[in-house]
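Q: Following this message is one structure expressed as structure tokens.
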């Protein structure tokens with residue numbers, strides 16, 4: 001497949017933050033994007049706005065903790081656009097606290113969303129989404145530097161993203177002979193709605209202002225600032241290109257120097 005041929009992408013968590021930036025970038029590159037998220041209104045708004053730009057975008061409601069909704073959404077994408085060649089597993093959630101006080105329900109939901117959701121969507125796109133029927137494909141999982149180095153008071157999140165990285169490397173090696181590459185993009189601190197909720201959580205735990213938390217986080221980043229969703233999306237866009245064909249089973253950081261491996 002060449003860069004000039006029409007491609008189809010399936011993006012989870014497509015209506016805000018990194019997922020929205022990825023959806024916009026791929027659509028503006030001429031990819032037909034089927035974006036999913038849990039909120040019906042947010043999906044409708046995203047599709048309407050991008051179609052008004054003349055972009056080829058559709059979407060559906062899909063909670064990645066639901067195998068039934070995943071199957072329905074992938075089938076809808078294939079009915080709309082045909083074989084899925086690009087999968088971006090972006091849907092995820094934060095979660096943590098003092099480990100001795102974490103309840104099973106929180107731990108289970110973080111793992112179910114971030115790790116099990118990535119597995120189930122990938123499995124569905126490889127089979128029902130027809131990705132394996134071709135000789136080209138790109139799977140990009142949004143992980144985190146926290147999955148490599150750990151994050152204080154975020155054991156469920158770090159464990160889930162570490163799992164996503166391991167899943168990426170295993171499936172990347174498995175699919176290497178097929179022409180499908182599998183990589184993880186690992187953001188550090190990125191200015192998104194989830195990042196704001198994380199700062200609020202730390203501020204509450206330490207009894208300080210959200211501004212103080214942000215200043216503390218900025219000080220840990222060599223570039224001195226959060227990354228933007230568009231900067232993360234830029235690496236996703238590159239990994240979908242033909243020039244990235246020899247990159248697979250990797251976990252690549254976009255973090256302002258926060259992570260060093």
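The values are calculated or read from the model by the stated rules, or taken from the named source; none is laboratory data. Because the structure is a prediction, the values reported are computed rather than measured. Ideal geometry is used to build each Cβ from the backbone, glycine not excepted, and the neighbour counts take in all protein chains shown.
Q: I need the helices (runs of 4 or more DSSP H) fully contained in the stretch 172-261, keeping only those with at least 3 residues that are out of contact with any strand residue (DSSP E or B) (no Cβ under 7 Å at 6 or more places or on another chain) and without any contact (Cβ under 8 Å) to a residue 12 or more places away in the chain.
A: 193-206, 210-220
Q: Also, quick follow-up: Given the residues 179, 137, 94, which is the only one that is within 19 Å of residue 237 (Cα to Cα) and surrounded by fewer than 24 Cβ atoms within 10 Å (Cβ to Cβ)?
A: Values: 137 fails: surrounded by fewer than 24 Cβ atoms within 10 Å (Cβ to Cβ); 94 fails: within 19 Å of residue 237 (Cα to Cα).
Every option except 179 fails the conditions.
Q: Would you check which residues across the stretch 45-63 are assigned to a helix (DSSP H, G or I) and over 25 Å from residue 116 (Cβ atoms) and list them?
A: Correct list: 45, 47, 48, 49, 50, 51, 52.
Q: Shifting gears a bit: Which residue pairs have Cβ atoms closer than 7 Å, lie 6 or more positions apart in sequence or on different chains, and pair a first residue in the stretch 51-62 that is in the same structural domain as residue 81 (by TED's automatic domain parsing) with a second residue that is in a loop (DSSP other than H, G, I, E, B) and modelled with pLDDT of 95 or more?
A: If the second residue must be in a loop (DSSP other than H, G, I, E, B) and modelled with pLDDT of 95 or more, the pairs left are 59/14; 61/38.
Q: Hey, another quick one. Mind telling me which of the residues 134, 179, 147 ends up being in the same structural domain as residue 118 (by TED's automatic domain parsing) and under 20 Å from the mean Cα position of the chain (by Cα)?
A: After applying the criteria, what remains is 147.
Q: Can you find a residue in the stretch 68-76 that is crowded, with 19+ Cβ neighbours inside 10 Å, assigned by TED's automatic domain parsing to the domain that holds residue 239, modelled with pLDDT of 95 or more and on the phi > 0 side of the Ramachandran plot?
A: no
Q: Does residue 85 fit the bill of being in the same structural domain as residue 144 (by TED's automatic domain parsing), surrounded by 22 or more Cβ atoms within 10 Å (Cβ to Cβ), in contact (Cβ under 8 Å) with a residue 12 or more places away in the chain and farther than 22 Å from residue 109 by Cβ?
A: yes
Q: From the residues in the stretch 19-45 that are over 20 Å from residue 84 (Cα atoms) and crowded, with 17+ Cβ neighbours inside 10 Å, which one is farthest from the chain's Cα centre (by Cα)?
A: 42
Q: What number of residues within the stretch 211-261 are at pLDDT below 95, under 20 Å from the mean Cα position of the chain (by Cα) and surrounded by fewer than 17 Cβ atoms within 10 Å (Cβ to Cβ)?
A: Here the count works out to 1.
Q: Do you know which residues across the stretch 71-114 are under 18 Å from residue 163 (Cβ atoms) and part of a helix (DSSP H, G or I)?
A: Hits for the stretch 71-114 are 99, 104, 106, 107, 108, 109, 110, 111, 112, 113, 114.
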